[in-house]
Every structure is written in C-alpha cells, then in structure tokens.
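Quick notes on the structure that follows.
Where a number appears in this text, it was derived from the coordinates with a stated rule and is not lab data. From a predicted model like this one, the values you see are computed outputs, not experimental measurements. Positions of Cβ are generated from backbone atoms using ideal geometry, with glycine treated the same way; all protein chains shown enter the neighbour counts.
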Amino acid sequence: MNSYEKKLIDEGIIDSPLTDFIISKWYDKVTLEFNNNIHIIRVEFVNCFEIKFKHDLKYFEGEKEHHYFMQDVDIKKTDDFFNIKLSAYPFNGEIICKKIEIIKE
C-alpha cells in the first residue's frame, strides 16, 4: 500500500462524503474534498498528465439528491508518476499525476 493511500485511509476518507470536486481549467490539477465528520480533508493531485472520470448514467434517472461517498482509493507509484484509481459511486475515475498533497483542516 502506497504511503499516500494509507494516509488517506487513515484520515477516514473511505465512506466519507465527497463535498467538493474541482478540475483546474488547464486540467493539470484535481482537488477533492471530504468531510470525515471531524475534519475537512482536501486532496490535491498536481501536475496531472491524464484525468478520466465517468458517471453511472442510471444514477441520474428520477429526481433525487446526489451524494457521493468514497468507496475505494488505489495509488501506485511508477517512475515519476502516481497512478490513482478512485471509486465514489456514482462515478469512478483515474488520475495520473506527479504530486499529491493532503491537507487536513
């Protein structure tokens, strides 16, 4: 397990609601924010090389409030890049970046 992955899990992001999701206008930074009922945890993926996110379109059928809860995070380091896989139903994603910052407020 990667040290960043361990830190995120130890900070309690699994099953925590995703409260903010921002991709910079140049697609070089992704910011995810979680509320673990004690702290706000902000994760910044910086110097991104590739960003892919997709929704389960069936989730949007009907009128309901959308809640996203982080279910899984997988971070692997290869050469100079981090390969990140995220699952937060109704979406999942993949990010390839050079730097990860974890901020606890």
Within the chain, what is the longest stretch that has no trypsin sites (Lys or Arg not before Pro) placed in a DSSP loop and near at most 12 other beta-carbon atoms within 10 Å? 65-105
Return the distance in nm (one decimal) between the two label points of a simple spin-label model at I96 and K77, each offset 7 Å from Cα along Cα→Cβ. 1.8 nm
Sorting I40, I51, S16 by the position of each Cα along the dipole of region 14-81 (Lys, Arg +1; Asp, Glu -1; all at Cβ), the one nearest the positive end of that ordering is I51
Computed [θ] at 222 nm, helices only, for the chain once each DSSP H run of length n ≥ 4 contributes -39500 (n - 2.57): -2000 deg cm²/dmol
Under the 0.36 nm per residue contour assumption, what length would be gained going from the current alpha-carbon distance of H67 and K25 to full extension? 12.7 nm
Over region 43-105: Rg over Rh, Cα atoms, Kirkwood Rh: 1.05
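For the chain, what does the relative contact order come out to in percent, with C-alpha contacts under 8 Å and a separation of six or more? Numbers along the way, then the final one.
Numbers: 221 pairs, mean separation 31.4, N = 105.
RCO, the chain: 30 percent.
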If each residue's Cβ is checked for other Cβ atoms within 10 Å, how do L8, L57 rank with the fewest at the top? L57, L8
Using θ = phi - 60° and the Karplus curve 6.51 cos²θ - 1.76 cosθ + 1.60, what whole-Hz ³J(HN,Hα) does each residue of region 18-32 get, with Gly and Pro shown as x? 7, 9, 7, 8, 10, 10, 4, 5, 9, 6, 10, 8, 10, 10, 10
Projected area averaged over all directions for the convex hull of the alpha carbon atoms of the chain, nm², comes out at 6.9 nm²
Rank the residues V73, V43 as a footprinting-exposure proxy: fewest other Cβ atoms within 10 Å of their Cβ go first. V73, V43
